[in-house]
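Enquirer: Here it is, the structure, as structure tokens.
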Amino acid sequence: MLLSPQQPGDGVDAGVATISQFQRPAASASRSAHGFLTLPEVSADVAVRGKLRFHTPEAITALARSQFDAAPLRARDVKAPSGIADAYAQALFKWFGRQHRPFKYLNLTFSVMDADTVRSEISHQYEAESFTGNAPMYLAVSSDGEGIFELHAYAEKLTRAHPQLLATALRLVQSASWQTTWIRTPSELLHHFSHFHWDGDEMASDSDALEHLTECHGGNSEMLQDYLPSVVREELRPAALCLPTKGQGRRRSRRNLGLDVATLEMLTCRRGVRRLCRELVHLRELVRRGRERHLFDFAYRGNPVYSAAALVWQNDDRIQQLFDDIYTFDWEGGEASVHLGFIPIAQKAPAIRRQYADWQLALQTLASIDRVLGHLTDSEPL
């Protein structure tokens, strides 16, 4: 069972996935009735009574009812439901819609799945057996493709306002995405490049990288100069971004959010960066409220091939080739999916209230990230 708001029509509804009906060819008028209406003989050992069940399983019914009792859902949002799970999905997606406007830069979709559907979605993955399926229903967070957004166009303007302003924006986006959903950053792209060309060492020296490149790829050493760390690092993650390297510890970098609130508020007086700085103050507060917790508490991560968005310094030929390599590697690995993860939907009143509070903060944080991306890039929104 899959329930999603991504359906044609009025936009936000139950979104029950439909199954096309099998079209049986009509019997010819001249065909003999012999063999067409005659049933085969059935052994007396075969049970002749069957039991058909069309209602929602009891566990899902109980969960949906507890959600309507304890969650901030509105019964008036439900229109002609096909069942109680359908009614819950309609009310849930309406509630999601009240938390934020449609994203312009983040590509995220949400859907409700029962445990069996989740198992089907991840059945091709090596870790699928670790999925316990203890909850009757799960919220799936997915991305079916990521937008690539350039940073270089506004970098000079932001640097003129303050040398650390762009770095602060990126650090806040990184911290906020860690609490919510995956956003690909220049640091991560450099990490991927090092795995493809430098034996996984993104801090490799030029001489070590050239030795590995020559051994693996052969060819003219002059041609391989374009793949050296001193060249690629400045293209993928320029020093001006002030982003942490793997050696500096990216987890610790989440605590370093760049400019403080007082400095950002002072910069709101600067023409051209006023709205960005106001949004960064807001995002900083949301990150503080998140307290370094995963607000979407995935019980199972889906090995996603696409992030919600990708930030690059410049979307040039090298970036295009790198993304081609990443996607090819992920899909050919046989375990990739479009799902970032699956969240078990809470069943008890205290847990339901905590979960909706986390989801509300997560959606507010994502909406703020989306607005920050709009201020950082001149790339076309999704």
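The values are calculated or read from the model by the stated rules, or taken from the named source; none is laboratory data. This is a predicted model, so every value here is computed, not measured. All Cβ positions, even for glycine, are placed from backbone atoms using ideal geometry, and neighbour counts span all protein chains on display.
Enquirer: Just checking, which of GLU292, GLU202 is buried (at least 20 other Cβ atoms within 10 Å of the Cβ), modelled with pLDDT under 90 and not in a helix (DSSP H, G or I)?
Expert: Criteria check complete, one pass: GLU202.
Enquirer: Here's a follow-up. Can you tell me which residue within segment 132-163, out of those that are surrounded by fewer than 16 Cβ atoms within 10 Å (Cβ to Cβ) and of a type in the set (S, T, N, Q), is nearest to LEU106 (Cα to Cα)?
Expert: Taking the candidates together, the pick is THR159.
Enquirer: Since GLN347 meets every condition but one in (1) closer than 19 Å to ILE183 by Cα; (2) in contact with a Ser or Thr (Cβ under 9 Å, 6 or more places away or on another chain), which condition does it not meet?
Expert: (1)
Enquirer: What are the residues in segment 134-151 that are out of contact with any Asp or Glu (no Cβ under 8 Å at 6 or more places or on another chain) and assigned to a loop (DSSP other than H, G, I, E, B), if any?
Expert: Correct list: ASN134, ALA135, SER143, ASP144, GLY145, GLU146, GLY147, LEU151.
Enquirer: Go through ALA75, ALA29, ALA87 for me and flag whichever is more than 17 Å from TRP359 (Cα to Cα), surrounded by fewer than 18 Cβ atoms within 10 Å (Cβ to Cβ) and at pLDDT 50 or above. Lay out the reasoning, then the answer.
Expert: Working: ALA29 fails: at pLDDT 50 or above; ALA87 fails: surrounded by fewer than 18 Cβ atoms within 10 Å (Cβ to Cβ).
None of the others qualify; the one that does is ALA75.
Enquirer: Next question. Test ASN107 against the stated conditions and say whether it is closer than 22 Å to GLN67 by Cβ, part of a loop (DSSP other than H, G, I, E, B) and not small (Gly, Ala, Ser). Walk me through how you get there before you give the answer.
Expert: Numbers: closer than 22 Å to GLN67 by Cβ: no; part of a loop (DSSP other than H, G, I, E, B): yes; not small (Gly, Ala, Ser): yes.
For ASN107, the condition - closer than 22 Å to GLN67 by Cβ, part of a loop (DSSP other than H, G, I, E, B) and not small (Gly, Ala, Ser) - is not met.
Enquirer: Of these, LEU322, LEU241, which one is more than 30 Å from THR132 (Cα to Cα), of a type outside the set (Asp, Glu) and at pLDDT below 95?
Expert: Details: LEU322 fails: at pLDDT below 95.
After applying the criteria, what remains is LEU241.
Enquirer: Also, I was wondering about something else. Identify all residues within segment 163-180 that are part of a loop (DSSP other than H, G, I, E, B) and at pLDDT 95 or above; write none if there are none. Before the answer, list the steps.
Expert: Applying the first criterion (part of a loop (DSSP other than H, G, I, E, B)) to segment 163-180 yields 163-164, 180.
Answer for segment 163-180, where residues must be part of a loop (DSSP other than H, G, I, E, B) and at pLDDT 95 or above: just THR180.
Enquirer: From the list GLY302, GLY333, GLY272, GLY290, which residue is touching a residue at least 40 places away in the same chain (Cβ under 8 Å) and within 25 Å of THR117 (Cβ to Cβ)?
Expert: GLY302
Enquirer: In addition: Please verify whether segment 349-367 includes one or more residues that are under 22 Å from MET113 (Cβ atoms), at pLDDT 95 or above and of a type in the set (Gly, Ala, Ser).
Expert: Taking segment 349-367 as the starting set, the residues that turn out to be under 22 Å from MET113 (Cβ atoms) are 351-352, 354-356, 358-360, 362-363, 366.
Imposing the further condition that a residue be at pLDDT 95 or above reduces the set to 351-352, 354-356, 358-360, 362-363, 366.
Narrowing further to those that are of a type in the set (Gly, Ala, Ser): 351, 362.
Yes, segment 349-367 contains at least one residue that is under 22 Å from MET113 (Cβ atoms), at pLDDT 95 or above and of a type in the set (Gly, Ala, Ser).
Enquirer: Let me confirm something: among THR117, THR132, THR109, THR159, which residue is in contact (Cβ under 8 Å) with a residue 60 or more places away in the chain and under 16 Å from the mean Cα position of the chain (by Cα)?
Expert: Numbers: THR117 fails: under 16 Å from the mean Cα position of the chain (by Cα); THR132 fails: under 16 Å from the mean Cα position of the chain (by Cα); THR159 fails: under 16 Å from the mean Cα position of the chain (by Cα).
When all the criteria are applied, what remains is THR109.
Enquirer: Name every residue in segment 85-104 that is without any contact (Cβ under 8 Å) to a residue 24 or more places away in the chain and outside any helix (DSSP H, G or I), in order of residue number.
Expert: Across segment 85-104, the qualifying residue is only PRO102.
Enquirer: Any residue that is without any contact (Cβ under 8 Å) to a residue 24 or more places away in the chain and surrounded by fewer than 15 Cβ atoms within 10 Å (Cβ to Cβ) - is there at least one of those in segment 354-371?
Expert: yes
Enquirer: Also: Please indicate, with yes or no, whether at least one residue in segment 304-316 is closer than 27 Å to TYR88 by Cα and buried (at least 22 other Cβ atoms within 10 Å of the Cβ).
Expert: First pass over segment 304-316, keeping only residues closer than 27 Å to TYR88 by Cα: 304, 308.
Subsequent filtering for residues that are buried (at least 22 other Cβ atoms within 10 Å of the Cβ) retains 308.
Taking every residue of segment 304-316 in turn, at least one turns out to be closer than 27 Å to TYR88 by Cα and buried (at least 22 other Cβ atoms within 10 Å of the Cβ).
Enquirer: Being in a strand (DSSP E or B) and within 17 Å of PHE196 (Cβ to Cβ) is the filter here, so list the residues in segment 303-318 that pass it. Write out each step before concluding.
Expert: Filtering segment 303-318 for residues in a strand (DSSP E or B) gives 304, 310-312.
Scanning segment 303-318 gives ALA310, VAL312.
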